[in-house]
Amino acid sequence: MSLRPESRRTRVRIRGLSVWLIALLVALVATIQIRSQAEVERSLVGVDATSLAFLIDDLHSANDALASQKTDLTNLRTTLQSGQSGAADQALSEEAQRLRAIDGYVGVQGPGVVMEVDASGLTALDLEDALNNFMAARAEAIDVNGHRVVTGVAVEQDGGGIKIGGASVSLPWTISAIGDPQKLAEVADLMTQQLRADRRVRSVGYRIETEVVISSVISERPFVYAVPS
Amino acid sequence: MSKLAGVALLALVALAVGFVLAGQVRAELLTPSNQVARYQALVHSVQDLEATNVDERRQIADLRGEIDALESDAAARSATTQALHDTVSDLRAHAGLVAMHGPGVEVTLRNGDPGPDSGSGTGYLVNFQDVEDVVDLLFAQGAEAVSVSGRRITPLSAYSGSAGEIVIDQGPPLTSPVKVDAIGDRNRMLAALDDPNELPGVRARQVQFQLHLTYEGLPDISVPASDSSLQVPHVTAS
């Protein structure tokens, strides 16, 4: 029994159509996949959406801080441009006092938090992490057990103890930080929760204060190697 | 014969479909177009904010330059103002607001190599703690001025970020390779970098994750002035 030529042609046509349909499907899937991959690769490689959201939040905060600094500098420029008698002296005196506070050369006071940690076995790295957390929350001045700390002051492990700027510091630590009390308290709260889960820690707590007084200062070091460009 | 060819072609196409689908399933299915669109929207937001960030920091650097020039003009007219200006210039240099140069070391941190079991082809990613450890060591060895991939470290600098991204102050994220430039006694800094007892965390990650740490002493290194905010609205000098 042989099929009629018309029926055979129909079957060949259907088969050909099936092959084209499948080929089309393969091409479609491959194209979508390649385009999707290309879209992703063109952007921030390996960064997931959640990290991007955090990055956006961080950049917003950073840009707000930069805008605020720009406003301050613009006002200062306007004052200096006015050429009023004593304007430059006034601006320079205020700037000198502000920079002395930033460099840690003078005692300072202001709102902030005081955190107390009693433990055994905490290392310089633990203290550095805590200090960096406060700095990231925009602490403007920090003191640990009567030793002023700014970025650049060495916090080193010294056997079982810790040295800050070459001076020995033993536990318990009292960390005083001046800045936005709300931001500093958020960080202090997170660190307190983490430290309470640490077996080395006997007690930890913090308090918000309207007036934290830091009287410790850093000795000014003259430049020996670095020269202004 | 043509029937056989047809069947073979069909089998071939079916095989190709199978491979593509299997690859797709392994790659966690197709990225839906709306998901790509949402992702792209986030990416565009990041790119816009980074562009604004660059622009704001450039304007801050320009403003600081203009202010310094105006102060210099005023200082030229009065000895008192000149003395004040000299004091402020020195304090600004210590606060990282002046570009500096001098002998020092350059340390480079690079992501680790992907291990043989790493399916994604990604190795260890340099993070902010690696950078912080290196910067702290250099300051402990007397570094007088430090920058990280062109970002000057100031007395108020802070490090943050997730794996593979290092955020310093208000700058955009930095990624590998990260270059730490430090001006100071290069022999002392190099000796510390050579000391196997220093940087224990970084050295452990060198062994475990093939994190790359290289360094060299250089006769003249330049570090830029900070272009970040140095506002301290809550402190009052005693």
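Things worth noting here:
- Binning the alpha carbon pair distances of region A:49-102 at 5 angstrom intervals from zero yields the distribution 4, 17, 14, 17, 13, 10, 9, 7, 5, 3, 1, 0, expressed in whole percent.
- Computed log10 I(q)/I(0) for chain A at 0.18 Å⁻¹: -1.34, from the Debye equation with unit scatterers placed on every C-alpha and solvent omitted.
- For region A:10-21, Karplus couplings with θ = phi - 60° (6.51, -1.76, 1.60), whole Hz, Gly/Pro x: 4, 5, 5, 4, 4, 5, x, 5, 4, 4, 5, 5
- Globularity index of chain B, i.e. its alpha-carbon radius of gyration over 2.2 N^0.38 Å: 1.49
- Surrounding net charge for B:ARG205, when Lys and Arg each add one and Asp and Glu each subtract one, Cβ distance under 11 Å: -1
- Between the exposed loop cleavage positions of chain A, defined as trypsin sites (Lys or Arg not before Pro) in a non-H, G, I, E, B DSSP state with at most 16 neighbouring beta-carbon atoms within 10 angstrom, the longest gap is A:1-198.
- Environment charge at A:VAL19 (Cβ cut-off 14 Å; Lys +1, Arg +1, Asp -1, Glu -1): +4
- More than 14 Å apart - percent of Cα-Cα pairs taken over region A:185-229: 70
- Dipole magnitude of the protein assembly as shown, debye to nearest 20 (Cβ charges: Lys/Arg +1, Asp/Glu -1, about Cα centre): 3120
- Region B:114-220 - Rg (one decimal) and Dmax (whole number), Cα, Å: 14.3, 44
- Residue mean of other protein chain beta carbons inside 10 Å, B:8-14: 3
- For region B:1-94, alpha-carbon Rg over 2.2 N^0.38 Å: 2.68
- Shielding of A:148-159 by partner chains, average beta-carbon count, 10 Å: 5
- Radius 13 Å from Cβ of A:SER176, net charge of other residues (Lys, Arg +1; Asp, Glu -1): -3
- Mean per-residue shielding of peptide B:63-70 is 5, counting Cβ atoms of other chains within 10 Å of each Cβ.
- Förster radius 25 Å - calculated FRET efficiency between B:ARG38 and A:LEU21, Cβ distance, rounded to 0.05: 0.20
- Inverse mean reciprocal Cα-Cα distance (Kirkwood Rh) of the protein assembly as shown, Å: 25.8
- Amide H contacts of B:GLU198 (H built 1.01 Å from N, under 5 Å, at least 5 apart or other chain): none
- Annotation: extensible slack from A:THR10 through A:ALA49 equals 8.9 nm (criterion: 0.36 nm per residue apart, minus Cα-Cα distance).
Where a number appears in this text, it was derived from the coordinates with a stated rule and is not lab data. Note that the structure is a prediction, hence the values are computed from the model and not measured. Note that each Cβ is placed from the backbone with ideal geometry, even for glycine, and that neighbours are counted across all protein chains shown.
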